[in-house]
Every structure is written in structure tokens, then in C-alpha cells.
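First up is the structure itself, then whatever we jot down about it.
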Amino acid sequence: MGITSALVLLAVIWFMTLFVVLPIRMQTQGDTGKVTMGTPAGAPAHINMKRKIKITSIVAVVIWVPLCAIILSGMITVDDFDLFNRFGGGLAPLE
């Protein structure tokens, strides 16, 4: 795995983690009873993005490091996902 693919993997994991973290402990304007004119009641009342970004970054790195180690060690390769033997590696076809 090259540096570019490692960074892409980190970016994908980071954004997936962000989408999981965003709704956690979110209070809507409807929950607080203070709906701002022109916004839906389901809009967030108080958003603490700095904290959510810190949590997202920590969790994403905790997921990314072992995943990179597994990929670099060769425990999981592209051939493991090649069900139809299109890449020529892996198991020989049954005869």
C-alpha cells in the first residue's frame, strides 16, 4: 500500500466516522424550545464541532492503524476479494 492509498483510506474512515459521530448527543431546536425563524425544528441548537472533530480524528486513527497493519502484513489482499478469479492470482479454478 502506497502513501496515497493510505491517506485515501484514512480520509474514507474519517468521514464515515464523522457521519456516525455527528448525531450523537445532538439537541435539536425543537428539543430546547427555541426554534429560530426560518429553520426547521430538527435543526441542531448547539453544535460543538471542535469536540466532534477531535473525537472523529481519534476514533478514525484507532481504526486506521490496525487496518493498515493488516493490509501491509498481507493478511488481506486483493485476491481475497477476487471471487471470479479476474486478476489471475489466488486459488486455481476448479476443474
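Points worth noting:
- Meets criteria (of a type in the set (S, T, N, Q), surrounded by 13 or more Cβ atoms within 10 Å (Cβ to Cβ) and out of contact with any His (no Cβ under 6 Å at 6 or more places or on another chain)) for Thr36: no
- Any hit, the stretch 42-58, residues being in contact (Cβ under 8 Å) with a residue 40 or more places away in the chain and under 11 Å from the mean Cα position of the chain (by Cα): yes
Results for (1) over 16 Å from Leu9 (Cα atoms); (2) modelled with pLDDT under 80; (3) touching a Leu at 6+ places or on another chain (Cβ under 8 Å), shown as yes or no for each residue.
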residue: Val59; (1), (2), (3): no, no, no
residue: Val65; (1), (2), (3): no, no, no
residue: Met75; (1), (2), (3): yes, no, no
residue: Phe84; (1), (2), (3): yes, yes, no
residue: Pro93; (1), (2), (3): yes, yes, no
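- Residues satisfying the stated conditions in the stretch 63-84, i.e. part of a helix (DSSP H, G or I), without any contact (Cβ under 8 Å) to a residue 40 or more places away in the chain and within 21 Å of the chain's Cα centre (by Cα): Val65, Pro66, Ala69, Ile70, Val78, Phe81
Residue-wise test of (1) in contact with a Ser or Thr (Cβ under 7 Å, 6 or more places away or on another chain); (2) surrounded by 11 or more Cβ atoms within 10 Å (Cβ to Cβ); (3) not polar (S, T, N, Q).
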residue: Thr28; (1), (2), (3): no, yes, no
residue: Gly42; (1), (2), (3): yes, yes, yes
residue: Lys54; (1), (2), (3): no, yes, yes
residue: Val62; (1), (2), (3): no, yes, yes
residue: Leu67; (1), (2), (3): no, yes, yes
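The values are calculated or read from the model by the stated rules, or taken from the named source; none is laboratory data. Predicted model, so just to flag it, every value in this text is computed and none were measured. Glycine also receives a Cβ, built like all others from the backbone with ideal geometry; neighbour counts cover every protein chain displayed.
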